[in-house]
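Notes follow once the structure below has been shown.
The values are calculated or read from the model by the stated rules, or taken from the named source; none is laboratory data. Note that the structure is a prediction, hence the values are computed from the model and not measured. We place every Cβ from the backbone using ideal geometry, glycine too, and count neighbours over all the protein chains shown. The accessibility values were calculated without ligands, DNA or RNA, using every heavy atom of the protein model including side chains. Shrake-Rupley method; radii C 1.70, N 1.55, O 1.52, S 1.80 Å.
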Amino acid sequence: MDKKPFEYAPAPESRALVSIKPQYGLFINGSWVEPLFKEKFATINPANEEVLSKISQAGKSDVDRAVKAARDAYTKTWSKMPAKERGKYLFRIARIMQERAREFAVLESLDNGKPIRESRDVDVPLAAAHFFYHAGWADKLDYAGLGNSPKPHGVVGQIIPWNFPVLMLAWKIAPALATGNTVVLKPAETTPLTALLFAEVCQQAELPAGVVNIITGDGVTGSTLVNHPGVDKIAFTGSTEVGKLIARSIAVTGKSATLELGGKAANIVFEDAAIDQAVEGIVNGIFFNQGHVCCAGSRLIIQENIHDEVLEKLKRRMALIRVGDPLDKNTDLGAINSAAQLAKIKELSTAGDAEGAFRWSPECELPKKGFWFAPTIFTGVTQSHRIAREEIFGPVLSILTFRTPQEAIEKANNTPYGLSAGIWSEKGSRILWASKELKAGVIWANTFNKFDPASPFGGYKESGWGREGGRHGLAAYLKGAK
Amino acid sequence: MVTLVDGSEESLRTYLKTLPGVDKVGADQRAAMLATRSIKTTSKSWAIDMAIQMVDLTTLEGADTEGKVRAICAKAVHPDPTDFSVPSVGAVCVYNDLVKVTRQNLDANGGSHIPVAAVTTAFPSGRASFPVKIQDTKDALDDGATEIDMVIDRGAFLSGKLGLVFDEIKSIKELCADRAHLKVILETGELVTYDNVRKASYLAMLAGADFIKTSTGKVTPAATAPVVLVMLEAVRDYYVQTGLRIGVKAAGGIRTTKDAIKQLVLVNEIAGPDWLNPQYFRIGASALLNDLLLQRMKLASGHYSGSNYVTLD
């Protein structure tokens, strides 16, 4: 009998779908301009360290130009336009993103390192969905229960992270435009390419010049944008560390802000859970997008009497995770986004070893070039270990146990963060009780990492200020709205 | 072997209650994710040949005749008359009055290695008295069936008469003994919930099934991906508990090569590669075989031929 294992031959998505320019300028006032500040930096493919393009570092004078363009567009065009016309532009952008979905997906995987299966099936469709959803709100804001004729802030400075580049762009730009603001957006320095492709979409949609401006650069550019006096509101997604800096620098300036920061989510598995689906949820919770997810279920808290059974099933499942070429349609876990992030993951994992937790990874061959980290779990983790407290932002899961439901909640809440949590139980009353006790902005029951434009997202405590998505997300872009 | 139950209705009820539930949303999502696996080139050609060997080539119609059986037997031995490198199918599946002629035809055409499977126990509804079900199975065995595809009494299962379902399977298994492999058809389209599918899978395995099979092919939905996934999880877990490796047969609605390859991916990633052979996984089908042959030709020649280049049956 043929006992040969069923190997999946390489099934790469075509790279020819995208054309990447050798270098990019800045997208200001509806057209491409060269930065006044001449410096360029490289953006690379983290899967093989190939240089993809040279990106402009926007300086202070460039930020000035972008903010001025956004202000002019706001006063002269966007704020005067009937709301239903704004909605039409958003619908148009959404449709173009759908039409160019494969292009966005391939480019995202190239620049970020995430598997094409995720960029194709999650990031890009959700990004388009955010534009569709908010397009519908544009002419209905008076009826959203956010006050009588709520008014936009004006010019919004938006800074987005590298983990979901185009999706975070959509989370930021769609509600800002729907509510009548204009935008200066800065993508992360390691993943600027899909934002630059989005600039082309704005041109294709004939969006009035200056409504969306995209400037690239590192943290210095971001800081310049945050501190620019012409910016009325800041929307930031990224680390808690940078979030605190932003909060300090805008204090007493009158600028409002939404901050989506870090997390250390507890994924709680009760003894009466549907075990096989819970195992899937654990895997999805921590290994989705290489664990580069602020709401990742990075602390697994299992009822002690099912710990061994769950662990055995989890290990068997982890052995099936296919690590490798992000463009291969069968890849489950792609590349770590940058050398710096890889170093941070390694540092925290080493701390886990040193503090006495037990590390386990399935056998898997990692590519020689690029930035890679095998899917990893730590068992025997306690609340006092660094890997139970600090956000690792990588494919590393810390496993703890509990004896009673109360203990599970106490452990889950014992963190400076409070972005998300997961509950696995077949008992409805337990789910309702636990979700009331958990101090987290998003709580998933018997699922994990589910996102929808209609559902508000945001955290408690050090996980941030404000909500994005849904009616709550609109409020953040309207003056005085609650 | 570990004995998990003593066969009494009480022990069955108690044991089946210990099984974890199946979350429908999660199971559907996992099956949908596995359906995105992209199987190309060398792995596709391996999968096609494996799928051909897993086909239980089936004819289960009121209109079946000896002539029809002759035709499918010839096809079972050499699915592609122009290419003898194509492997023969896993079995030929017929009603029990046609077992003898099926056996004779296979033997006469160089297919003595191909087992004959017979559907019994008042297939497809299972609505007959117990002695009739026993006689039905005896007839098939006496005529040379070496695989018995029995149906469970879904009415009894749904009304909680687990002992009755268990006893029927156990009696049929005793009849089969060393003479035939027993496949137990759950008819998942009538059990409806995934929790029921998991419970019925365990009930059948505990009663002695060698295979658990999704459907008769007469009820839709049949072998949907999440149902097969739940059954594969059941055989995988049962193996860990008892050391017994039970097979799975997916039947009903698997018509294209794409469908078949999705099933193989499920087997590979849920139960594991140890199940990925005709001894432990079968696909009950008729139209599927021709699509597998067309895709096989396409891979070899680089272009598609048409339906006139594969035989009708």
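Worth a mention:
- Protein accessible area in the protein assembly as shown, 1.4 Å probe - carbon and sulfur %: 54
- Hydrodynamic radius of segment A:1-135 by the Kirkwood approach over all distinct alpha-carbon pairs: 18.1 Å.
- Cα shape, segment B:9-309, gyration tensor, a/c 1.5 rule: oblate
- The modelled label-to-label distance between residue B:177 and residue A:140, using points 7 Å beyond Cα along the C-beta direction, is 7.2 nm.
- With Cα atoms, 0 to 90° folded angle of helix B:162-176 axis to chain B main axis: 50
- All other residues whose Cβ lies under 10 angstrom from that of residue A:131 are scored, Lys and Arg at +1 and Asp and Glu at -1, for a net of +2.
- All-pairs Cα distance distribution in the protein assembly as shown, expressed in whole percent, bin size 10 Å: 3, 13, 20, 21, 17, 13, 9, 4, 1, 0
- Computed 3J(HN,Hα) for segment A:129-136, one whole-Hz value per residue from the Karplus formula 6.51 cos²θ - 1.76 cosθ + 1.60 where θ = phi - 60°, is 4, 5, 5, 4, 4, 6, 4, x, glycine and proline marked x.
- Computed from the Cα positions only, the extents of segment A:181-276 along the three principal axes stand at 57, 39, 25 Å, in decreasing order.
- Three-way shape label, segment B:1-79, alpha-carbon gyration tensor, a/c 1.5: oblate
- Chains B and A, summed buried accessible surface - 1.4 Å probe, Å², nearest 100: 2800
- Evaluating 6.51 cos²θ - 1.76 cosθ + 1.60 at θ = phi - 60° for every residue in segment A:239-253, the Karplus couplings come out as 6, 4, 4, 5, x, 5, 4, 5, 4, 5, 6, 9, 4, 6, 8 Hz, glycine and proline recorded as x.
- Value of [θ]222 nm, deg cm²/dmol, for chain B, DSSP H segments ≥ 4, -39500 (n - 2.57) each, nearest 500: -14500 deg cm²/dmol
- Relative to the longest principal axis of the Cα atoms of chain B, the long axis of helix B:288-301 lies at roughly 40 degrees.
- As a size descriptor, the averaged projected area of the C-alpha convex hull of segment B:20-62 was calculated at 5.8 nm².
- Remark: relative contact order (chain A) = 18 percent; criterion is Cα-Cα distance under 8 angstrom and separation of 6 or more residues.
- Residue A:235 long-range amide H proximity, modeled H, under 5 Å: A:157, A:158, A:159, A:258
- Each residue of segment A:90-101 was assigned a 3J(HN,Hα) from its phi angle through the Karplus expression (A = 6.51, B = -1.76, C = 1.60, θ = phi - 60°), giving 5, 4, 5, 4, 4, 5, 5, 4, 5, 4, 9, 4 Hz with x at Gly and Pro.
- Counting only other chain Cβ atoms within 10 Å of each residue's Cβ, the peptide B:17-25 averages 5.
- Amide hydrogen neighbours beyond the local backbone of residue A:302, cut-off 5 Å, H modeled: A:269, A:400, A:401, A:402
- Cα gyration tensor shape for segment B:33-180, rounded if a/c is under 1.5, else prolate or oblate: oblate
- Whole-number accessible area per residue in Å² for the protein assembly as shown, which is evaluated in the context of all protein chains at 1.4 Å: 37
- Placed amide H near residue A:44: partners under 5 Å, 5+ positions off or other chain: A:52
- Sum of -39500 (n - 2.57) over DSSP H runs of 4+, divided by residues of chain A (222 nm, nearest 500): -11000 deg cm²/dmol
- Each Cα pair under 8 Å and six or more residues apart adds its separation to the average, and for segment A:383-482 the resulting relative contact order is 21 percent.
- Translational diffusion coefficient (Stokes-Einstein; Kirkwood radius from C-alpha pairs) of segment A:264-443 at 4 °C, 1.567 mPa s, in µm²/s: 79
- Listing of segment A:428-468 residues, each with accessible area lower by at least 20 Å² in the full protein assembly than in the chain alone (probe 1.4 Å): A:446, A:450
- When you filter the GluC sites (Glu not before Pro) in segment A:148-250 for DSSP loop state and at most 11 other Cβ atoms inside 10 Å of their Cβ, you are left with A:206.
- Given A:411/B:17; A:427/A:461; A:315/B:218; B:17/B:173; A:114/A:439, the pairs whose alpha carbons are separated by over 27 Å: A:411/B:17; A:427/A:461; A:315/B:218; A:114/A:439
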